[in-house]
Amino acid sequence: MSDNKIIELPDFITVRDLAETMGASSIDVIKKLMANGVMASINQEIDFDTAAIVAEELGFEAKSEAEAEAEPVDSADLPEWRKIIENVDESKLKRRPPVVTILGHVDHGKTSLLDRIRSTNVADGEAGGITQHIGAYQVTHDDKLITFLDTPGHEAFTAMRARGAQVTDLAILVVAADDGVMPQTKEAIAHAKAAQVPIVVALNKMDKQNANPELVKTQLADSGLVPEEYEGDTMVIPISALKGDGIEDILEAILLITDELPIEADPNGPAAGTIVEAQRNKSRGVLATILVQNGSLKQGDALVAGSISGRVRAMFDYKGNKIKSAGPSTPVEIMGLSDVPTSGDMFESVKNERTARKMASEREIEAKQAAKSKRSARTLDQIFSQFSKGETQELNLIVKADVQGSLEPIISSLEKLGNDELKVRIIHSGTGNIGENDILLASASDAIVIGFNSEPDSSAKNKAATEKVQIRFYNIIYRLIEDIELALHGMLEPEYVERATGEAEVRAMFRISKVGNVAGCMVLDGVIGRNDQARIIRDGDVIHEGPIGSIKHLQEDVAEIRKGFECGISMEKFNKLKEGDIISAYVIEEK
Ligand code: GDP
């Protein structure tokens, strides 16, 4: 066996693609080909055998894709539901309907499109009769089923992904032709791309007089979705959700794209899937809409979902009909869980209820332990140590800046950083405050958030704390670039954090000649040191911040003073202390 890195190649490949696969330059590949007597231009296709020779000379071992496909798949690449079930028999996999999500900017027509598709195409033409929404539905087109997740917006999408769920096979991005690419459009693109889900653009509101499809297409191209007519590979389909124009084309496009994808499951295997949404109903108990992703879930099956167990007491399809069994890609509402599970949690069917309860309680213990030793924030430092252990090849960043004018130079400089092994990948950028969505996306993609003159709003701050997402703030571009560059090389300056040391209250003021004003204090908490920094808090406001000057105890200078002792404190650069002020001391330490 050679030590060469293995690459998979198709029967024919262009010089450019071959170079890209190896991370080599096209020129090097062309040179090697010439040395072997083959004259090829960059766009020319060469056959597998020729490509394999060149690859070997450049330090790679080429395998044909057809051969590689026959090999067992690395479990790390498997969808979550496949990991849950051990021993999925590859030979038993059958095609299942694709699962589609609708994303886009507010008011661009996501709900209208979902409603329109539902009302014109639901299976069996029973549309009119559907009054309940269970969070998902199915339609038939060309005799093929398509499953739609009925919760528009990328919040749901990302919240699920943050929990590790991979539910969607394709995203429809709705863009209003009279409004164009907006901030949430860009966010949606980032979310779908981060999840590696293909995108079809529905160019909506084409009925409007001020629709400007050409302008929107250039905006899409600028946002990384190059329309097919501009030689890109994004399908952009003009529609009017209001009038019902183009709906068939959307369904057509969904089938066209998903037909090419390996969308499969074993309908007879063990049932597993994802919780789409769930709530408690007063008269019916816990109702959960779930998406079956493998196997067939049957009435009476015992199951666990996260740390919740139960038995399928009754099961309903999206039309509210009672059903006995649900196969892959079928959304169903089930009754019978012991408690409300979290959206995005995976479920699986198990032997019996006793097993389900046992697994659920084991998971609860695991979850509690995991919460205790909760994954620490993914900091730049840690990312470097992962780099050096060979665990990570990409530094994922989300960049928010106050204005477009700063965003562009930041992004273009960041994109130039890194090398073949370590890459900077900007998964999302935008202007404005850092929002909760940015944090969710960061959490789902293990990214760091960069704020350039941009602050998190309060919900984002809380989310960042619970999701342990690191936010770094800058106001000078070169400092930002320098930091990321240093991080890539593992040379980041240590981070400093503040640690509170003690707190004292001013009880009386004295004037001592030569020393100035000294505050007679009582230490309320901790230990205050002479070299500490302190904030002076008066009526709840910080009125001064700076170094402590001296601490005296019974006329003597002391190095520190503890809780419960009286002392005289003077500040180095502030002599207007007053009775009632709180001196809150701290030190700055390396993290
Ligand atoms: P969402 O926020 O993306 O779910 O958008 P909605 O589906 O709620 O639509 C927002 C508004 O745009 C509503 O007033 C719709 O009636 C209108 N709308 C949606 N699609 C169309 C369309 O194709 N043409 C026109 N003229 N209006 C539309």
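The values are calculated or read from the model by the stated rules, or taken from the named source; none is laboratory data. Fair warning: this is a prediction, and the values are worked out from it, not measured in the lab. Please note: Cβ atoms are built from the backbone with ideal geometry, for glycine as well, and neighbour counts cover all protein chains shown. Just so you know, the surface numbers come from the protein's heavy atoms only, side chains and all, with ligands and any DNA or RNA stripped out. Shrake-Rupley method; radii C 1.70, N 1.55, O 1.52, S 1.80 Å.
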Suppose R0 equals 30 Å; then what is the FRET efficiency for residue 65 and residue 342 from their Cβ-Cβ distance, rounded to the nearest 0.05? 0.20
For the range 160-319, accessible area per residue (1.4 Å probe, heavy atoms of protein chains only), Å²: 40
Quick check: net charge around residue 548, other residues with Cβ under 14 Å of its Cβ, Lys/Arg +1 and Asp/Glu -1? -3
Of all trypsin sites (Lys or Arg not before Pro) in the range 308-340, the ones in DSSP coil with at most 13 other Cβ atoms within 10 Å are 324
Taking N as the number of residues in the range 253-359, what is its alpha-carbon radius of gyration divided by 2.2 N^0.38 Å? 1.07
Accessible carbon and sulfur surface of the range 201-351 relative to its total accessible area, %, 1.4 Å: 46
Residue 394 long-range amide H proximity, modeled H, under 5 Å: 423
All other residues with a Cβ under 12 Å from the Cβ of residue 409 taken together, and with Lys, Arg as +1 and Asp, Glu as -1, what is their net charge? -1
Less than 16 Å apart at the alpha-carbon level, and either on another chain or at least 8 residues along: which aspartates and glutamates does that give for residue 358? 301, 339, 348, 366
Scalar couplings 3J(HN,Hα) for the range 444-459 by Karplus 6.51 cos²θ - 1.76 cosθ + 1.60 (θ = phi - 60°), nearest whole Hz, x for Gly and Pro, are 5, 10, 6, 10, 10, 9, 10, x, 9, 6, 9, 10, x, 6, 5, 5
Extension gain residue 36-residue 362, at 0.36 nm per residue separation less the Cα-Cα distance, in nm? 111.2 nm
List the residues, sorted by chain then number, that are 5 or more residues from residue 314 or on another chain and whose placed amide H is less than 5 Å from its amide H. 335
May I ask for the net charge around residue 288, where only other residues with Cβ less than 9 Å from the Cβ of residue 288 are counted and Lys, Arg are +1 while Asp, Glu are -1? -2
Residue by residue through the range 558-571, which ³J(HN,Hα) values in whole Hz follow from phi under the Karplus form 6.51 cos²θ - 1.76 cosθ + 1.60 (θ = phi - 60°), with glycine and proline marked x? 10, 7, 7, 9, 9, 3, x, 9, 8, 7, x, 10, 10, 9
Quantify, in whole percent, the carbon and sulfur part of the accessible surface of the range 491-591 (1.4 Å probe; protein heavy atoms only). 47
Go through the range 330-340 residue by residue and turn each phi into a ³J(HN,Hα) via Karplus (6.51, -1.76, 1.60, θ = phi - 60°); whole Hz please, and just put x for glycine and proline. 8, x, 9, 9, 10, 10, x, 7, 6, 8, 7
